[in-house]
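The values are calculated or read from the model by the stated rules, or taken from the named source; none is laboratory data. This structure is a prediction, so every number in the text was calculated from the model and none was measured. For neighbour counting, all protein chains shown are included, and Cβ atoms are generated from backbone atoms with ideal geometry for every residue, glycine included.
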Amino acid sequence: MKGKLRRIYGATQMIGNWHCRWNSELYTRYKDLNIVDDIKIISLGWAGHIIRLEEYRISRKVLNGKVYNTRSIGKPTKRWVDVVQRDALWILGIQG
């Protein structure tokens, strides 16, 4: 997408030298979210899809399943559900 935007908006001239537009320039002109925000929104869409699935579907079972095994020592790893919940709060502007 950025390659197409660079062709549409073209290069700029600064002090006699031409250069391609930087990503920040493209974002301000295009007024689009950056790639990190796009990925967060897409993952929220997938979370909604999985939550709406029937209980017998494998994806839903994996999401709601519990692993009965011993944990390794140290900080527990983040679950996908926790990350999606944090991203949802961040996108909505709610401080958690």
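Worth pointing out:
- Pick from region 1-28, criterion charged (D, E, K, R) and modelled with pLDDT under 70, ranking: surrounded by the most Cβ atoms within 10 Å (Cβ to Cβ): 6
- Some residue of region 58-67 being under 18 Å from the mean Cα position of the chain (by Cα) and outside any loop (DSSP other than H, G, I, E, B): no
- Within region 67-92, restricting attention to residues that are within 23 Å of residue 45 (Cα to Cα) and among the charged types (D, E, K, R), the residue that is surrounded by the most Cβ atoms within 10 Å (Cβ to Cβ) is 87.
- Residues satisfying the stated conditions in region 41-68, i.e. of a type in the set (Val, Ile, Thr) and under 27 Å from residue 91 (Cα atoms): 41, 42, 50, 51, 62
- Selection of region 57-96 for residues being modelled with pLDDT of 85 or more, under 20 Å from residue 39 (Cα atoms) and of a type in the set (Lys, Arg) yields only 86.
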